[in-house]
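K.L.:
Dropping the structure in here first, questions after.
The values are calculated or read from the model by the stated rules, or taken from the named source; none is laboratory data. Nothing here was measured: the structure is a model prediction, and the numbers come from that model. Ideal geometry is used to build each Cβ from the backbone, glycine not excepted, and the neighbour counts take in all protein chains shown. All accessible areas refer to the heavy atoms of the entire protein, side chains included, with ligands and DNA or RNA removed. Shrake-Rupley method; radii C 1.70, N 1.55, O 1.52, S 1.80 Å.
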Amino acid sequence: MTYMKFEDVVRLWQADKKRYVKRSTYYAYSLLIANHLLPAFSGLTDVTENLVQEFVLEKLRRGLSRKAVKDILIVLKMILRYADKNGYMAHHDIDVKYPVERQTTHIDLLSLGNQKFLLDYI
């Protein structure tokens with residue numbers, strides 16, 4: 001079976017979606033597609049979980065917030081569900097994992113003057 005390229009599926013999905021969402025939502029979707037999804041997945045006829053996982057890690061490495069990446073993935077998953085439903089691309093369950101955010105704890109130390117003041121007070 002021959003599948004469609006991602007960018008062709010996106011074009012069909014956008015035409016379909018435009019009828020059902022507000023203009024502002026449609027433009028928000030279009031912006032995410034143009035800036036993130038098409039550069040990453042154009043030319044592909046199969047978008048796998050591994051490709052999406054690498055996409056997520058790269059976006060996080062480049063400084064995008066988790067929320068921004070999740071918003072992009074919502075659009076990507078809508079497109080892939082549409083592609084699967086219409087037989088344009090193969091179906092893959094996509095379960096993305098996000099790296100643990102490690103926070104460095106900062107401990108404020110007393111200056112030498114404050115240490116001396118505290119010791120004298122005690």
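K.L.:
Relative contact order (percent) for segment 1-63, with alpha-carbon contacts under 8 angstrom and 6 or more residues of separation?
P.N.:
On the way: 25 pairs, mean separation 31.2, N = 63.
This gives 50 percent for segment 1-63.
K.L.:
Taking the solvent-accessible surface of protein heavy atoms with a 1.4 Å probe, what is the per residue accessible area of the chain in Å²?
P.N.:
Per-residue value: 73 Å².
K.L.:
Right, another one. Using Cα pairs under 8 angstrom and six or more residues apart, how large is the relative contact order of the chain, in percent?
P.N.:
Values: 74 pairs, mean separation 39.4, N = 122.
Once normalised by length, the contact order is 32 percent.
K.L.:
So if we plug the beta-carbon distance of ASN35 and MET4 into 1/(1 + (r/R0)^6) with R0 = 25 Å, what FRET efficiency do we get, rounded to 0.05?
P.N.:
Details: r = 22 Å, r/R0 = 0.87.
Rounded to the nearest 0.05, the efficiency is 0.70.
K.L.:
Taking the highest mean first, how do the peptides 31-40, 17-26 order by number of other beta carbon atoms within 10 angstrom per residue?
P.N.:
Ranking, from highest mean packing down: 31-40, 17-26.
K.L.:
To the nearest 10 degrees, how steeply does helix 112-121 sit against the main Cα axis of the chain, on a 0 to 90 scale?
P.N.:
Its long axis makes an angle of about 50 degrees.
K.L.:
Hey, another quick one. What FRET efficiency, computed as 1/(1 + (r/R0)^6) with R0 = 35 Å and r the Cβ-Cβ distance, is obtained for ARG11 and GLU101, rounded to the nearest 0.05? Spell out each step's value before the answer.
P.N.:
Values: r = 36 Å, r/R0 = 1.03.
With a Förster radius of 35 Å, E is 0.45.
K.L.:
Further, regarding this structure: Using the Cα centre of segment 71-122 as origin and beta-carbon charges of +1 (Lys, Arg) and -1 (Asp, Glu), tell me which of ALA90, GLY113, VAL75 is placed farthest towards the positive end of the dipole.
P.N.:
ALA90
K.L.:
I've got another one for you. Once R0 is set to 35 Å, what does the formula 1/(1 + (r/R0)^6) return for the Cβ-Cβ distance between SER111 and ARG62, expressed as a FRET efficiency to the nearest 0.05?
P.N.:
Numbers: r = 39 Å, r/R0 = 1.11.
With R0 = 35 Å, the Cβ-Cβ based efficiency is 0.35.
K.L.:
Place the peptides 94-100, 65-71, 116-122 in order of packing, highest mean first, counting for every residue the other Cβ atoms within 10 Å and averaging per peptide. Each step should come with its number before you reach the end.
P.N.:
On the way: 94-100: 11.0, 65-71: 13.4, 116-122: 8.6.
Output ranking for 94-100, 65-71, 116-122: 65-71, 94-100, 116-122.
K.L.:
Follow-up. Identify which of the listed values of Rg/Rh (Cα atoms, Kirkwood Rh) was calculated from the structure shown: [x] 0.97; [y] 0.93; [z] 1.34.
P.N.:
[z]
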